[in-house]
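The next block holds one structure in the form of structure tokens; read it before the comments.
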Amino acid sequence: MTATTDRAARPSRSARAASLGDTAGPFERAFKGIVLTIACALVIIPFIGIVSTSLAPADQVNSAGGFVLFPREIDLTAYRSILSGGVVARALLISIGVTAVGTALSLALTTTLAWALSRRGTVGNRQMLLLVLISLLFAPGLIPTYLVVKQFDLIDSLWALIIPTSVSAFNVIVVRAFFANIPAELIDAASIDGATEWQIFRRIGLPLSKAVLAVVGLFYGVGYWNAFFNALLYLNDAAKWPLQMVLRTYVVNGTEMGAADMGQVVEAAPPQSTIQMAILVISIIPILVVYPFLQKHFAKGMLTGAVKG
């Protein structure tokens, strides 16, 4: 009798769907599923083709016209060629260094500035916050930025890839909003115990902001890793090019990669399309490796930091 009563009291699936606002019929749900499947295929199939072409043997790539969806066998010749000490290997190391140093510097500057802006007693708080907000609305422009970089003698320096983009006003606002949501009682208790402002920031502010820092750090890291325009503007020495600049040269511009560029003389050099796809895969792998570890912080970090300003 009790089980019958529970089943009668439990709403049906259609009633639950209606209460959640999902009133679509079977045809509409099937149409949405088809559209979603097509959208996923448009994203996944090209990516599979890139990876497969980079791993396919040379004869299969040549016979398929330069694009292989399913390789007959795994051939790592392209990866061995470009990672054997040539242009790509050097550019990969430069990109890793720029991304690591740039992300660390950006996080340090962003968190300290955001903490100062979140503390209402800071000298010049309102004026500095106004400058940050103005920078969101008015971009400096390409020519003024280039002149500033040139004035500081950063042309043809790797610091030109880091310093001009080391602080993002949007990220500062997000982190500041997160710091502003920290309970004032917690900060007051630490002050009463004799903690300095730096100790409060290091022992309370930073440990409580791991979620938002993970999100902001990923934003900075992806920005440094994928950036090539600053290298195009400020680096005249090709030996200092990051990976994305090399990728643009050999993939977008269609420049042929010679044996000297690959770091060794290969008896049976892989097709140029295989080399290009291998460079693409190498440029994508770091983000794919890091993203799953930080993805869980996305919703919490962004929503918590956007509650109030």
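Tabulated values for the structure
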quantity	calculated
Using alpha carbons only: equivalent-ellipsoid semi-axes of the stretch 82-305, gyration tensor based, whole Å	40, 20, 14
Inter-site label distance for Ile285 and Asn62 at 7 Å from Cα along Cβ, in nm	2.6
Cα-Cα pairs of the stretch 45-102 separated by more than 17 Å (percent)	51
Karplus-derived 3J(HN,Hα), 6.51/-1.76/1.60, for each residue of the stretch 277-286, Hz, glycine and proline x	5, 5, 5, 4, 4, 4, 6, 8, 4, x
Rounded to whole Hz, the Karplus (6.51, -1.76, 1.60) HN-Hα couplings of the stretch 108-121, x for glycine and proline	5, 5, 5, 5, 5, 5, 5, 5, 4, 6, 7, 8, 5, x
Fewest-first sequence of Val51, Val123 by Cβ atoms within 10 Å of each Cβ	Val123, Val51
Residues Trp159, Trp241 arranged by fewest to most Cβ contacts within 10 Å	Trp159, Trp241
Simple label model, 7 Å out from Cα along Cβ direction - Leu142 to Val101, nm	2.6
Taking Met245, Met277, Met128 and counting other C-beta atoms within 10 Å, the order from fewest to most	Met128, Met245, Met277
Backbone N within the stretch 79-114 under 11 Å of label point (7 Å from Ala238 Cα along the Cβ vector)	87
Cβ-derived FRET efficiency at R0 25 Å, Leu69 paired with Ile38, nearest 0.05	0.90
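Values quoted throughout were computed directly from the atomic coordinates according to the rules given, and no laboratory measurement underlies them. The structure presented is a predicted model; accordingly, all values stated were derived computationally and were not measured. Positions of Cβ are backbone-derived with ideal geometry, glycine not excepted, and every protein chain shown enters the neighbour counts.
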